[in-house]
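Worksheet: the structure to be examined is printed underneath.
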Amino acid sequence: MARPPTSRDLARLAGVSQATVSRVLTNNPKVNPETRARVLQVLKDANYTPNALARAMKTGRTDTIGVFMTRVTSPFHAELLDEIGRVLSSIGLHMILWNIEHDREETVAEVLHQRLVDGFLLTSATYDSKLHTMALASGTPTVLVHRGIDELDCDQVVGDNWQGAYDAGKYLVDHGHTDIGLVTLVPTGNTSRDRDLGFRAALADAGVKIKPSNVVTVGVPHADGHAAAKKLLSRKNPPTAIYTVTDLLAFGILDGARAVGARVPDDVWVIGFDNTEMAAWEAFDLTSVDQPTHTIVETGVDLLRQRIADPDRPTQIVTLPCPLAIRGSTANRH
């Protein structure tokens, strides 16, 4: 098998010096346009791809972004990951993904300090995780997306989870619901916390009290939503509406409701949070608070590129609106 051409081979074919080939590869403006065109044609004819490591040594850039994520199989995180890949690819950047659920802390620490990438996007920051502090300490430009951390001096792009949850609560109260179930998570970061507190605030402002027995704290899987629905809806006087803090839990609630013979929306209204693609499927037809995933990712990538270009600029925290997407699980058609 023939070896791939080197920059020296290409220089000979183009009739220029090896240094000129290097300047063309790094987009140096000092190359004559006619010479640049000749070198580029030789590169094209040879189907030449420069070695990424060699390019990084010359430019100081890898054109690669590291992404840290958990639960990559959940509907929302799968959509978030797909959007990150799409946005990075559209601007000529590559992605390396680390699923931090399965990586030991020492492994992550080693990755952070190897400078394999130009910057990090962290999608799963939590209060008790050291990941964000380690990333910042490594000196690599870092942006948090989707999940933020209060008082952290780091660029962050998040949805307005508190207001989105408040609007969901107000929507239920405005439509006459007073016996309402809340299926929530133990807060591990601002996202889950605000999706809980915003909803409670809306009910409190309307003078509606949540019965302690109507609050079910669960884990993240679909099965937990299913079990919560069976618990709430098997009672003699079940709640007439249930709000939960993720679509995945809401899908479990819808399936759990079917399991106990409760009709949605005739017997119980259901609202989720994230507005994943699956929420619009006819099988679910779920009313959900929208996470503006596309805008979150585009803004996060833009802030990261700014941080790479200017590491000392002031940090920014961007909060984006999360409107309510109303569908059939809340009887909007009646």
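Rounded is the label for the stretch 60-161, because the ratio a/c of its alpha-carbon gyration tensor axes (a ≥ b ≥ c) stays below 1.5. Checking [x] 20.6, 64; [y] 25.3, 87; [z] 19.3, 69 against Rg and Dmax of the Cα atoms in Å calculated from these atoms, the matching label is [y].
Here the residues M95, M69, ranked from fewest to most Cβ neighbours within 10 Å of their Cβ, fall in the order M95, M69.
Cross-link partners for K44 among the lysines, with Cα-Cα distance under 30 Å and sequence neighbours closer than 8 places in the same chain left out: K30, K58. Taking the Cβ of D153 as the centre, find all other residues whose Cβ is under 15 Å away and add up their charges (Lys, Arg: +1; Asp, Glu: -1). Overall, the nearby charge balance is -2. For A241, nonlocal amide neighbours, meaning residues 5 or more places apart or on other chains whose placed amide H falls under 5 Å from its own, are G181, W269.
The H on the amide N of A125, modeled in the peptide plane, is under 5 Å from the matching H of R147, each at least 5 residues off or on a different chain. In order along the stretch 235-251, phi translates into HN-Hα couplings of 6, 5, 10, x, x, 8, 8, 9, 10, 9, 8, 8, 5, 4, 5, 5, 4 Hz, rounded to whole numbers, per the Karplus curve 6.51 cos²θ - 1.76 cosθ + 1.60 with θ = phi - 60° and x for Gly and Pro. In order along the stretch 144-161, phi translates into HN-Hα couplings of 8, 10, 6, 10, x, 10, 4, 6, 8, 7, 7, 4, 9, 10, 9, x, 7, 5 Hz, rounded to whole numbers, per the Karplus curve 6.51 cos²θ - 1.76 cosθ + 1.60 with θ = phi - 60° and x for Gly and Pro.
What is the order of K211, K230, K236, fewest Cβ neighbours within 10 Å to most? Let's see the in-between values first.
On the way: K211 11, K230 17, K236 4.
Listing K211, K230, K236 from fewest to most nearby Cβ atoms yields K236, K211, K230.
Quick one: pull the percentage of alpha-carbon pairs in the stretch 1-45 with a separation above 14 Å. Percent of Cα pairs beyond 14 Å in the stretch 1-45: 40.
For T142, the residues whose modelled amide H falls within less than 5 Å of its own, excluding neighbours fewer than 5 places apart on the same chain, are F120. Peptide packing: for 164-177, 30-43, the average count of neighbouring Cβ atoms within 10 Å per residue gives the ranking 164-177, 30-43, highest mean first.
When shorter helices are ignored and each DSSP H run of at least 4 residues is given -39500 (n - 2.57), the per-residue value for the chain at 222 nm works out to -13000 deg cm²/dmol.
Quick one: grab the alpha carbon gyration tensor of the stretch 162-231, order the square roots of its eigenvalues as a ≥ b ≥ c, and give me rounded if a/c is under 1.5, else prolate or oblate depending on whether a/b is larger than b/c.
Numbers: a/c = 2.08, a/b = 1.30, b/c = 1.61.
Judged from the Cα gyration tensor, the stretch 162-231 comes out oblate (a/c at least 1.5, b/c at or above a/b).
Using the Karplus relation 6.51 cos²θ - 1.76 cosθ + 1.60 with θ = phi - 60°, the per-residue 3J(HN,Hα) values for the stretch 68-83 come to 10, 8, 10, 6, 5, 8, 5, x, 5, 5, 5, 5, 4, 5, 4, 5 Hz, with x marking Gly and Pro.
Quick note: the coordinates plus some simple rules give every number you see, no bench work behind them. Just so we're clear, the structure is a prediction, and the values are computed from it rather than from any experiment. Virtual Cβ from ideal backbone geometry, glycine too; neighbours counted across all protein chains shown.
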